[in-house]
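A.B. asks: Here it is: the structure, laid out below.
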Amino acid sequence: MAAAAALLIQSVPLSAQAEPKTELSGRCDYPDRVARYRNETTLILCDSASIERGSATATLDFQQRSWGSMARFSGAMAGNRMTVSRVILRDGRDLAASGTCQIFYRNDGHVSTISCLAKAGSRSVAANFAPSRL
């Protein structure tokens, strides 16, 4: 019986198991070509981000140390791309949303950028996070 249980555990793909929460320090930064759209899009300010993945879902939380969560994007995760279904804003509003988040990696496997853009209510919300390299 123990051998059968061990076989069953080994046959579960790693991608189906939840990953631990990843905490990153850095900052939200926007190129000039994106910053031009700040009148139409809320550009999230942050100095840290966390990635929490389940078997098929994820939550990306962009935080300001002195303020807490500034925006939390949640949705279905496939590989490094998330289809956003909810955005929770700093003021507590939990909004249905549509959009995408993408996690980019450097050649050494570390996160290089987390980029999200979603339409939530009548407004677009964007977060573009770059971890510090220290």
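The values are calculated or read from the model by the stated rules, or taken from the named source; none is laboratory data. Everything numeric here is computed off the predicted structure, so don't read it as measured data. As a convention, Cβ positions derive from the backbone with ideal geometry for all residues, glycine included, and neighbour counts pool all protein chains shown. Each accessible area value is taken on the protein alone, full model and side chains, heavy atoms only, with ligands, DNA and RNA left out. Shrake-Rupley method; radii C 1.70, N 1.55, O 1.52, S 1.80 Å.
A.B. asks: Would you mind stating whether Ala78 is open to solvent by 60 Å² or more (accessible area, probe 1.4 Å), over 14 Å from the mean Cα position of the chain (by Cα) and hydrophobic (A, V, I, L, M, F, W, C)?
C.D. replies: No.
A.B. asks: Next question, about the same structure. From (1) more than 13 Å from the chain's Cα centre (by Cα); (2) surrounded by 16 or more Cβ atoms within 10 Å (Cβ to Cβ); (3) small (Gly, Ala, Ser), pick out the condition that doesn't hold for Ala35.
C.D. replies: (2)
A.B. asks: Among the residues of region 60-69, which ones are closer than 23 Å to Ser112 by Cβ and open to solvent by 40 Å² or more (accessible area, probe 1.4 Å)? Give the derivation first.
C.D. replies: To start, the set of residues in region 60-69 that are closer than 23 Å to Ser112 by Cβ comprises 60-65, 69.
Those that are closer than 23 Å to Ser112 by Cβ and open to solvent by 40 Å² or more (accessible area, probe 1.4 Å): Gln64, Arg65.
A.B. asks: Which of the following residues is under 18 Å from Ser115 (Cβ atoms), at pLDDT below 95 and out of contact with any Leu (no Cβ under 7 Å at 6 or more places or on another chain): Arg27, Arg36? It would help to see each step written out before you state the result.
C.D. replies: Details: Arg27 fails: at pLDDT below 95.
Sole residue among the options that is under 18 Å from Ser115 (Cβ atoms), at pLDDT below 95 and out of contact with any Leu (no Cβ under 7 Å at 6 or more places or on another chain): Arg36.
A.B. asks: Would region 101-111 turn up any residue that is surrounded by 13 or more Cβ atoms within 10 Å (Cβ to Cβ), of a type in the set (Ser, Thr, Tyr) and either closer than 22 Å to Pro20 by Cβ or touching a residue at least 60 places away in the same chain (Cβ under 8 Å) (or both)?
C.D. replies: no
A.B. asks: For the subset of region 39-54 comprising residues that are in contact with a strand residue (DSSP E or B) (Cβ under 9 Å, 6 or more places away or on another chain) and open to solvent by 30 Å² or more (accessible area, probe 1.4 Å), which member is farthest from Leu95 (Cα to Cα)? If you could, list the steps in order and put the result at the bottom.
C.D. replies: So in region 39-54, the residues in contact with a strand residue (DSSP E or B) (Cβ under 9 Å, 6 or more places away or on another chain) come out as 40-54.
Within this subset, residues satisfying the condition of being open to solvent by 30 Å² or more (accessible area, probe 1.4 Å) are 40, 42-43, 45, 47, 52-53.
On the way: Glu40: 17, Thr42: 14, Leu43: 16, Leu45: 19, Asp47: 23, Glu52: 19, Arg53: 20 Å.
Ranking the qualifying residues of region 39-54, first place goes to Asp47.
A.B. asks: Moving on. Which of the numbered conditions does Ala96 fail, given that it passes all the others? Conditions: (1) surrounded by fewer than 17 Cβ atoms within 10 Å (Cβ to Cβ); (2) closer than 24 Å to Pro20 by Cβ; (3) modelled with pLDDT of 95 or more.
C.D. replies: So the condition that Ala96 fails would be (2).
A.B. asks: Output the residue which, of all residues in region 118-134 that are without any contact (Cβ under 8 Å) to a residue 24 or more places away in the chain and either surrounded by 11 or more Cβ atoms within 10 Å (Cβ to Cβ) or small (Gly, Ala, Ser) (or both), is nearest to Ser48 (Cα to Cα).
C.D. replies: Lys119
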